[in-house]
Amino acid sequence: MTGGEKKFSEEVMEAVDERKGSITYKVFEECPSEVYNSFKFILSIESNGEDNHVVTWALEYEKKTESVADRHELMDLCIVLNKEIDRHYSLVRN
């Protein structure tokens, strides 16, 4: 949900880099393809010790026109996903 409105899209896992601990998802269909030539989420998880991890999200996109607004609200989605990742790791550790 972004901006209080539910939106749906499809994505495909484009790349996995085990050395860097990153996964790249290419987003297509629905909302992003209407206004973007390309749109990717890159998730990286870096271990800083046994129980310490740093999660980093990067959004890479190419707008079809300059009049397309930047999608800052998608960072809210990344925060929600980080909380879910943290919850998952908490359950796995216990």
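The numbers here are math on the coordinates, done by the rules we state, and not lab data. Predicted model, so just to flag it, every value in this text is computed and none were measured. Neighbour counts run over all protein chains shown; Cβ positions are idealised from the backbone, glycine included.
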Fill in: Every residue from segment 50-94 that is among the basic types (Lys, Arg) and under 18 Å from the mean Cα position of the chain (by Cα)
63, 71, 83, 87
Response to the item:
Within segment 47-85, the residues that are out of contact with any Ser or Thr (no Cβ under 9 Å at 6 or more places or on another chain), among the acidic types (Asp, Glu) and touching a residue at least 24 places away in the same chain (Cβ under 8 Å) are 51
